[in-house]
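Read through the structure below, which is laid out as structure tokens, and then see the notes.
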Amino acid sequence: MNEDIKTKGQAYLMNTFNRGAICMVEGQGSYLKDADGKQYLDFLAGIAVNALGHNHPKVTAAIAEQAAKLVHCSNFYWIEPQVQLAEKLITNSVLDKVFFGNSGAEANEGAIKLARKYGREVHGEGCYEIITADNSFHGRTLATLTATGQKQFHKDYDPFLEGFHYVPFNDFEALAAKVTEKTCAILLEPIQGEGGVYVGDQAYLQQVRALCDEKDILLIFDEVQTGMGRTGKLFAYEGYGVEPDVMTLAKALGNGVPIGALLAKDAVASHFKPGDHGSTFGGNPLVCAAAFATIQAIEDENILTNVNEMGNYFEGKLVAFKEKYDFILDVRGKGLLLGMELAMKGADIVAKCLEKGVIINCTHDTVLRFLPPLNVTSAEIDKAVAVMDEVFQTIEA
Ligand SMILES: *Cc1c(COP(=O)(O)O)cnc(C)c1O
């Protein structure tokens, strides 16, 4: 029962999440089931993690098969699933080498370390500063928290790392003004997910790329949320025609198993030598087999086509809501990373949708965020939209 599990959880778990009253026990496709047997249409997908929905047969089979063969060894040996996954990522991106970790924060930690080493070795001792954007989100470790341009996450955890500067997103002049000889990298999300679904402008990202080229500064794209097809391309940078020097991935990479990746061009990656960076679990056989099966399924099942079609379809429905309800101020996003800015806080709408069996999310207090599985159907979108319409009608703006 939901209630029993919640009571025990409150007794034993640190109180870091607003979990509500529900315990999910099973998932199938776009649906989750709780411990009391109630079904939910999942338009959050584990915060952009379950890209192929729950219990995807090919991913489940890959996990079971690999578990029976070899779950873990160490990175003192070559690991075949890790090599296969690396080949898949590299042949499908503009990056040349990859390092595997266990989460988005760890991938970004690796990117920060690599950028500092590159800065020092190429430009000299004082070149270690990294510029990030206001409203960004890069993780919860101390370095990635420092990189995260949101005061609310910094509270109570200082002192932070030195050498980070923040600039308004999509404002090239402000960014250019912060660049000095100490700058080794610019770290940006092509679309700010946690920060409220703010889409990077193409002209802005192109100008940033040109500035980085001119000054030999690394452009790091944090594609932890935007990667793996979420925006309609395998990686969001493809939609901008802007190549990063370094890219980080996690969330959807393993469709639910914990895996993160740091990718870089050869000229950057070559600054990491044996002993410079590492991870005990990173790239272990189990998670790499799951991630390989995930990418294989994204390819085999024409997932990117579905993201583009369903993204347009869903966005059209959300724009129609904006015409209908005054409290909806904006609809934005790309592919199946969509946001709806409200004139008030969104928690009440999220709770009412959950009550009616549809899981959506609210980020940055006032932005409803929609992250359905990438293989979502139009019938599932219709169902979510119908429930949202019912809920919106009960809202007093
Ligand atoms: C979720 C997220 C992270 C952090 O990933 P974890 O796996 O929670 O450490 C970093 N960057 C972005 C853009 C994210 O959306």
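The values are calculated or read from the model by the stated rules, or taken from the named source; none is laboratory data. Note that the structure is a prediction, hence the values are computed from the model and not measured. Cβ atoms come from the backbone with ideal geometry, glycine included; neighbour counts cover every protein chain shown. Note: accessible area is taken over every heavy atom of the protein model, side chains too, but ligands, DNA and RNA are not part of it. Shrake-Rupley method; radii C 1.70, N 1.55, O 1.52, S 1.80 Å.
With all protein chains in place and ligands, DNA and RNA left out, the 1.4 Å accessible area ranks Asp330, Asp300 as Asp300, Asp330, largest first. Size descriptors for the chain (Cα atoms only): Rg and Dmax, in that order, 21.0, 61 Å. Axis angle, to the nearest 10 degrees, between helix 202-215 and the longest C-alpha principal axis of the chain: 20 degrees.
Converting the Cα gyration tensor eigenvalues of the stretch 106-166 into ellipsoid dimensions via √(5λ) gives semi-axes, longest first, of 21, 11, 10 Å.
The tail of the calculated P(r) for the stretch 256-379 beyond 27 Å holds 41 percent of all Cα-Cα pairs. The figure for Ser270 is an accessible area of roughly 60 square angstrom, using a 1.4 Å probe on the protein chains alone. Charge dipole of the chain (Cα centre as origin; +1 on each Lys and Arg Cβ, -1 on each Asp and Glu Cβ, all else neutral): 640 debye, rounded to the nearest 20. Taken per residue, the accessible surface of the stretch 58-300 reaches 42 Å², heavy atoms only and a 1.4 Å probe. Counted over the chain, the DSSP beta bridges are approximately 65% antiparallel.
Ranking Thr183, Thr60 from most to least accessible surface, computed with a 1.4 Å probe over the protein chains only, gives Thr60, Thr183.
Computed from point charges on the beta carbon alone (+1 for Lys and Arg, -1 for Asp and Glu), the dipole magnitude for the stretch 249-397 about its Cα centre is near 360 Debye. The largest accessible area among Phe17, Phe292 belongs to the first residue in Phe17, Phe292, and the rest follow in falling order (1.4 Å probe, all chains). Considering all different alpha carbon pairs of the stretch 209-265, the Kirkwood hydrodynamic radius works out to 11.8 Å.
The C-alpha atoms of the chain define a longest principal axis, and helix 80-91 lies at about 80 degrees to it. Taking only protein heavy atoms and a 1.4 Å probe, the accessible area of the stretch 79-125 is 47% carbon and sulfur. Each Lys or Arg adds one and each Asp or Glu subtracts one; over the other residues with Cβ under 13 Å from the Cβ of Lys215, this totals -3.
Rounded to the nearest 10 Å², what accessible area does Leu175 have for a 1.4 Å probe in the complete protein model? Rounded to the nearest 10, that gives 0 Å². Across the stretch 134-222, the convex hull enclosing all Cα atoms gives 87 Å³ per residue.
Would you calculate the separation in nanometres between label points at Asp134 and Val122, each defined as 7 Å from the Cα along the Cα-to-beta-carbon direction? Taking the two extended label points, one gets 2.9 nm.
Scan around Ile191 for amide H atoms under 5 Å from its own, H built in the peptide plane at 1.01 Å from N, and keep only partners 5 or more places away or cross-chain. Result for Ile191 returns Gly200. With K and R counted +1 and D and E -1, the other residues having a Cβ less than 10 Å from that of Asn2 yield a net charge of -2. Ranking Ala133, Val307, Pro258 by Cα position along the charge dipole of the chain, where only Lys, Arg, Asp and Glu carry charges on their C-beta atoms, puts Pro258 farthest toward the positive end. Three principal axis extents describe the C-alpha atoms of the stretch 74-214; from largest down they are 45, 38, 36 Å. Rounded to the nearest 500, what is the 222 nm mean residue ellipticity of the chain from helices alone, with -39500 (n - 2.57) per DSSP H run of 4+ residues and division by all residues? Result for the chain: -12500 deg cm²/dmol, rounded to the nearest 500.
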